[in-house]
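*Asks:* My questions will all concern the structure given below.
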Amino acid sequence: MFRLSTAIAALAAACVVTPAISAPDRATFGKQVDALVESQMHEQKVPGVAVAVLHKGEIVLAKGYGLANVEHNVPVTTDTIFQSGSVGKMFTAVAVMTQVEHGKIKLDDPVSKYLPGTPPSWSPITVRNLLTHTSGIPNYGEDFNYKRDYTDDELLKVAYALPLDFKPGARWSYSNTGYEVLGILVKKATGRSYLDILQSEVFKPLGMKTARGISDLDIVPHRAAGYQLVDGVLKNQDWTSATMNSTADGSLYFSLKDMIAWNRGVEKGAVVGSEGWKQIYTPVRLNSGKPYPYGFGWELDEAGGQPRYHHGGAWAGFRIYYSRYLGDEMAIILLTNSAATDLDKFVDGIAGLWDPKLTAPLARPKPEPEVDRRVTALIEAARAGALTPKDLPLAKPDFVKMMNDHLAPTLKPLAPLSKLDLIKRREVGDDTEYTYTATFGDKNMKVHLAIAPGNQVSQFYVY
């Protein structure tokens, strides 16, 4: 199951907080947000959007735009119910932490303590590894059937059969499968599903009145439809089985009002104690001792010299984002019902209207000709659909095939590569990450490359 995670930047704990500007005039800001959202909806063909901007927990703006259901011409409101995608991971993490505080789960226990029949390769994997995407458990392969219903034990059997991508704790790699396993672990450890725990210990106390698990069977008032673009034409979302719409990697329904209540709870440090929140916001340390900017269900980086805690999600025709800017004491919530939404254009656009420092470009790094040549070669291999496992040695063969299938149709129609500008370089965990702007005639694309120890490419994508 794919639920989008955005690229992660520098370590939040190391940020030096710079003074924030005063809050903008609300009337002017509101008009600017309206214009930006409506422009991006038109440009990206997004049917419906709900947006909230909060300052010190108080609502600056909260409104819906466009349609929750195109076929029935139903408008988006603050009550419209969207799917969470991977924003749900921060809720799963809090559900786990409530049970840590109750003594039912320990973060550094091996998962084998709670799960039956784990393979020997899983013996070093801990609950903390699952929470921080450092377990080495890969995502399910291309042959996994998302339209089939599975029991918990059947899902575990599939996960157990997947060879680990790396030794637990050695690297960071986003794993939906790991969070699905985490949800099963919670149930086996406590006798309660993670959804039951969320309902009683998170949603109800925080006043998240309409938040719940996904169900195609139930009547859900104000439920939005999810959409995708197929050759530029709006289509309904693909169907997924009830099982695969209930896993703990991000299978929640919530409205803008629910997320506003969540934001207030998060800012107050509600639901779990201060030590629990400290754990949630602590970047994981890899086996090398280096930190990676991800906590328990949160990406931890910085914007404009300020800590930024955030996470995105994408699933079944929905794309969602929740971002907190701690120096400005401001938060942005974005809910959309299109799988093709470019979340950054909305969220960064709104953040820049609030405080231009939050999206100001970083100082350009010095060019690295050898890396430039490597990126150029990868771009041309991708254009030809000829990427090989040798080009991406840390990726699985099916991922390499997927990259060829995705990138070749995108890059082939473009003019020859005429310019490559390095715009960002950063150390993340054990890797060095590079972001480029690639110019193909009158078309610009972003290119992301990460180099792991041993001079191996660990990430490469063009967007």
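The values are calculated or read from the model by the stated rules, or taken from the named source; none is laboratory data. Just so you know, these numbers come straight off a predicted model, no measurement behind them. Heads up, the Cβs are rebuilt from the backbone with ideal geometry, glycines too, and the neighbour counts pull from every protein chain shown.
*Asks:* Select from the stretch 403-427 the residues that are small (Gly, Ala, Ser) and either assigned to a loop (DSSP other than H, G, I, E, B) or under 23 Å from the mean Cα position of the chain (by Cα) (or both) and list them in ascending order.
*Replies:* Step one: list which residues in the stretch 403-427 are small (Gly, Ala, Ser), which gives 408, 415, 418.
Scanning the stretch 403-427 gives a single hit, Ala415.
*Asks:* Within the stretch 183-204, can one find any residue that is touching a helix residue (DSSP H, G or I) at 6+ places or on another chain (Cβ under 9 Å) and either on the phi > 0 side of the Ramachandran plot or modelled with pLDDT under 95 (or both)?
*Replies:* No, every residue in the stretch 183-204 fails to be touching a helix residue (DSSP H, G or I) at 6+ places or on another chain (Cβ under 9 Å) and either on the phi > 0 side of the Ramachandran plot or modelled with pLDDT under 95 (or both).
*Asks:* Next question, about the same structure. Give Val457, Val400 a once-over and let me know the one that is within 23 Å of the chain's Cα centre (by Cα), closer than 30 Å to Leu286 by Cα and free of Cβ contacts under 8 Å to residues at least 40 places away in the same chain.
*Replies:* Details: Val457 fails: free of Cβ contacts under 8 Å to residues at least 40 places away in the same chain.
Val400 is the lone residue from the list that is within 23 Å of the chain's Cα centre (by Cα), closer than 30 Å to Leu286 by Cα and free of Cβ contacts under 8 Å to residues at least 40 places away in the same chain.
*Asks:* Check the stretch 151-162 and report whether any residue there is in a loop (DSSP other than H, G, I, E, B), in contact with a helix residue (DSSP H, G or I) (Cβ under 6 Å, 6 or more places away or on another chain) and either touching a residue at least 12 places away in the same chain (Cβ under 8 Å) or at negative phi (or both). Please lay out each step first, then the result.
*Replies:* Let us first name the residues in the stretch 151-162 that are in a loop (DSSP other than H, G, I, E, B), namely 151, 161-162.
With the extra rule that they be in contact with a helix residue (DSSP H, G or I) (Cβ under 6 Å, 6 or more places away or on another chain), the set shrinks to none.
The answer is no; no qualifying residue exists.
*Asks:* For the stretch 19-73, which positions are assigned to a loop (DSSP other than H, G, I, E, B) and within 30 Å of Gln306 (Cα to Cα)? If you could, list the steps in order and put the result at the bottom.
*Replies:* Restricting attention to the stretch 19-73, the residues satisfying the condition of being assigned to a loop (DSSP other than H, G, I, E, B) are 19-25, 45-47, 56-57, 70-73.
Within the stretch 19-73, Pro19, Ala20, Ile21, Ser22, Ala23, Pro24, Asp25, Lys56, Gly57 meet the criteria.
*Asks:* Taking the residues in the stretch 329-352 that are surrounded by 24 or more Cβ atoms within 10 Å (Cβ to Cβ) and of a type outside the set (A, V, I, L, M) as candidates, determine which candidate is farthest from Val74 (Cα to Cα).
*Replies:* Phe346
*Asks:* Still on this structure, I have one more. Name, by its number, the condition in (1) over 30 Å from Arg285 (Cα atoms); (2) at pLDDT 95 or above that does not hold for Ser112.
*Replies:* (1)
*Asks:* Here's a follow-up. When only residues in the stretch 119-139 that are of a type in the set (Ser, Thr, Tyr) and surrounded by fewer than 20 Cβ atoms within 10 Å (Cβ to Cβ) count, which is nearest to Val186 (Cα to Cα)? Full working, then the answer.
*Replies:* Taking the stretch 119-139 and keeping what is of a type in the set (Ser, Thr, Tyr), we get 121, 123, 126, 132, 134-135.
Cutting the leftovers down to surrounded by fewer than 20 Cβ atoms within 10 Å (Cβ to Cβ) gives us 121, 123.
Values: Ser121: 21, Ser123: 18 Å.
Taking the candidates together, the pick is Ser123.
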